[in-house]
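Data first, discussion second: the structure below is written as C-alpha cells.
The values are calculated or read from the model by the stated rules, or taken from the named source; none is laboratory data. Bear in mind that the values here come from a model prediction, so they are computed numbers and not experimental data. Cβ placement follows ideal geometry from the backbone for every residue including glycine, while neighbour counts extend to all protein chains displayed.
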Amino acid sequence: MGTLAEQILSRAASRPVRAGELVEVIADRCFVPDDTIALVMHHLKRAGITRLAAPERLGIFYDHFAPAETVASATIHAAGRRFATEQGIAHLFDVGDGISHQICVEKGLVRPGQLAFNADSHTTTLGAAGCFGTGLGATETAYVWATGLIWLRVPTTLRVILEGRLAPGLDAKDVCLTLLRELGTRAAVYRAIEYHGDGVAGLGMAARMTLCNMAVELGAKAAMVPPDAVTEAHFAVLGIARDESWPRIDPDAEYERTLRLDLGSLEPMVAGPHAVNRVSPINEVEAPRIDQAFLGTCTNGRIEDLRVAARILQGRRLAPGLRMIVTPASRAVHLAAMEEGLMRIFLDAGCVVTTSGCGACAGLHQGLLGEGEVCISSGSRNAPGRMGSRDAAIYLASPATVAASAVTGRLTDPRTLAPLLETMT
Amino acid sequence: MILSGTAVVIGDEVNSDLLYPARHMGIPDPAMQATHALTGLGPEWPGRVATHRVLVAGWNLGGGSAREEAVTALQGAGVRLVVARSFSRLFFRNCINNGLAAVACEALPALDTGATLTADLAEGWLDCAGARFAVPALPDSLLEILRHGGLLAQLRAAA
C-alpha cells in the first residue's frame, strides 16, 4: 500500500515502488494544451515518430488561446486538428470547450488511481479526483506520446490535515493562500501532498480542485484527496463506480511530514503583487485602486465560484472605471451559469463574459493589463508581466474577494458586503 | 561529465513566467527563443545571457509553468550548464530531458556575473569561488539522457 503516490505509481510501474526510487511508468493519460501542441508536434516530427504508442490515452485541449487571437494561433489550432484526426487521438476539445483540467474532472477523463500527465503545470488539479496528475514539458510529452512511457522519481508525501469548517465568506482559495503564507513556494518541491481530515471531507469537488490546483504553487509534483464519499458521488453521476484500482488511505503509510490547519481560524487572504507567497490577510493590505477584476481560471472558474461572485454582484454595479471579466472554466460551467441566471447578474452589474478557457490568466488574450494597472484575479499566478504589462500589479484572491473588490474598486473583505455568504462546499 | 564556463547570475524565485513569458510560446527554434530568454526580468537580459555558458540562480529556479522554452531558450542563447541552490521539479526535468546539464548546490555562495564555474555531474562536485562543493551526482539513467543530448535524441539513437 503506502502513500497514494506510492500506490498509484506502483501500479503504473507494474511493481511495488517506494518514495525516492527512480522508475519508468506507463501513462494512463497524457494531454497537451494548445500553447504546447505546436512544440510537441515539432518534436515528434524531428524524432521521426509517425505513429503514436497509445492514441486512445491522449487528448488535445484548446484553452490557452481559443478563439485564436493571432494568425499564428489559428494556424496551430488547424494543424492540431489535422494531427488529431491523422493519429486517431481520442480527445480534441476545441474552441470554447474549456480548460483541460476542468474538463478532465467534469467528464471523468481521469479516474481515481490513474497516472495522468498534461503539458501544463496545473495538472495537479486532477488529484481532487484521486488521480496522480502532474505536468510535463513538451519534449517529455512527445516522448510519452511516442512510447507510452516516462521516467519519474517516486515522491515523498506531505500530509496536510485540514480540521474544522471555513467561516462564511471564505473558500478553498483562502486555504491555498494561507498555506503559501505558512510554507512558501518550496516546501513541496519534488513532493506529493495528500489532503486529509474532516476539513477536506466537508469540501466539495470544486473546492478540492482549487486546493490541488494551487499545490503546484507550493512546488508540489502532485496533490491528492484520498477518494471518499464525495469522490464516489462525483463519479457515480458519470456512471463510474469505485473499484479496487481506487487508492485508499493506508494507516501504515510513511509521510515525510504532517501539518495541521484549522480551517475555522482562517481569514480572507490576498497574494501579491508579483509573488504568490507574498500573502497577507486582506485587512492588512494597503492596495491601490483596482482597474480590472478577473473571475475564472483552472483555480477558480467553476460554477460554485461563479455562484459566490454572483451573490455579491446581484443588484450591484461595478465600481466606476473598473472592468470585470468573467471566464467560465468550461462550456458546462457557462451553460449552468446561464440556466441559473448568473449571466444576467454579471451582465447587469457591468461585467464582460468571455469564451470558456484560460482567459486572461496567461496574458495571451481576453483582457490584458496595461502599464501601471492593478488587477485582482481569482487565478493562481501573479509574476510581473503574467497578464500583460510588466508594470502592472496582480493580486490573487478568492472569487468572493474578487467580486467584493469589483464593487468597491479597492481590495475588499467580502464579509463586509451583505448578504453574508454560506461557506462554499 | 565535466562542464565549465563563466556565469551570468540571477536571483531567487526566478519562475518560468520570468524566464520565458507565455506570449512567446510556439516558436520551435531555440535560437529564436533565445531572443526572449529572461525577458520577464527586463528587455536587457537576452544580451546578458548570450555571453556566458553558465546560468547561476538562487532558490527555486523555474517554478510555475511547465513550458520548456524556459530551458531551451537558455540553450539557444549558448548556456550549457545551469547551477542553482534549488530547482522546481518541472524546470529540472525539462533541463535533463532537453540535454541541459543542471546542478543543485544548496551551499552555493553568492557569485558575481563573470565568475567561472566547473561541475562534474557524474562524480558530483562543483568548483567555484576557489572552493569545491559536493553536489548530488546524477543517476546513470539521467546522465545517459544528457549524453545523448536529450530524451528524444536518445529515443532516435535507440531506433
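When segment A:175-205 is filtered for residues that are within 14 Å of another protein chain (Cβ to nearest Cβ), part of a strand (DSSP E or B) and closer than 15 Å to A:Leu261 by Cα, only A:Ile193 remains.
Counting only helices (runs of 4 or more DSSP H) wholly contained in segment A:295-363, the ones carrying 3 or more residues that are under 19 Å from A:Met209 (Cα atoms) occupy A:297-300, A:303-313, A:331-339. Among the residues making up segment A:368-381, those that are crowded, with 22+ Cβ neighbours inside 10 Å and under 20 Å from A:Ala66 (Cβ atoms) are A:Ser377, A:Ser378, A:Gly379, A:Ser380, A:Arg381. Restricting A:Gly88, A:Gly133, A:Gly80 to those that are of a type outside the set (Val, Ile, Thr), buried (at least 24 other Cβ atoms within 10 Å of the Cβ) and modelled with pLDDT of 95 or more reduces the list to A:Gly133.
Taking A:His122, is it within 14 Å of chain B (Cβ to nearest Cβ) and either under 23 Å from B:Ile27 (Cβ atoms) or modelled with pLDDT under 95 (or both)? Spelling it out, A:His122 is indeed within 14 Å of chain B (Cβ to nearest Cβ) and either under 23 Å from B:Ile27 (Cβ atoms) or modelled with pLDDT under 95 (or both).
The numbered conditions (1) farther than 21 Å from A:Pro247 by Cβ; (2) in contact with a strand residue (DSSP E or B) (Cβ under 9 Å, 6 or more places away or on another chain) are all true for A:Ile76 except (2). For segment B:54-77, state whether one or more residues are part of a loop (DSSP other than H, G, I, E, B), crowded, with 24+ Cβ neighbours inside 10 Å and more than 14 Å from chain A (Cβ to nearest Cβ). Yes, the conditions are met somewhere in segment B:54-77. Go through the residues of segment B:93-107 one by one and say whether even a single one is basic (Lys, Arg) and in contact with a helix residue (DSSP H, G or I) (Cβ under 8 Å, 6 or more places away or on another chain). Yes, some residue in segment B:93-107 is basic (Lys, Arg) and in contact with a helix residue (DSSP H, G or I) (Cβ under 8 Å, 6 or more places away or on another chain). Within the span defined as segment B:104-127, every residue fails to be surrounded by fewer than 22 Cβ atoms within 10 Å (Cβ to Cβ), of a type in the set (S, T, N, Q) and closer than 12 Å to B:Leu19 by Cβ. Within segment A:125-140, track down each residue that is more than 9 Å from every other protein chain (Cβ to nearest Cβ) and part of a helix (DSSP H, G or I). The answer is A:Thr125, A:Leu126, A:Gly127, A:Ala128, A:Ala129.
Taken together, A:Ala5, A:Ala47 contain a single residue that is of a type in the set (A, V, I, L, M, F, W, C) and out of contact with any helix residue (DSSP H, G or I) (no Cβ under 8 Å at 6 or more places or on another chain), which is A:Ala5. B:Gly114: on the phi > 0 side of the Ramachandran plot, in a loop (DSSP other than H, G, I, E, B) and out of contact with any Gly (no Cβ under 8 Å at 6 or more places or on another chain), yes or no? Here the answer is yes, as B:Gly114 does meet what is asked. Looking at the structure I just gave you, is B:Ala153 at pLDDT 95 or above, under 30 Å from A:Thr147 (Cβ atoms) and assigned to a loop (DSSP other than H, G, I, E, B)? Against the criterion (at pLDDT 95 or above, under 30 Å from A:Thr147 (Cβ atoms) and assigned to a loop (DSSP other than H, G, I, E, B)), B:Ala153 does not qualify.
Rundown of residues vs (1) in a loop (DSSP other than H, G, I, E, B); (2) polar (S, T, N, Q); (3) crowded, with 21+ Cβ neighbours inside 10 Å, yes/no style:
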| residue | (1), (2), (3) |
| --- | --- |
| A:Trp151 | no, no, no |
| A:Gly169 | yes, no, yes |
| A:Lys173 | no, no, yes |
| A:Ala207 | no, no, yes |
| A:Ala241 | yes, no, no |
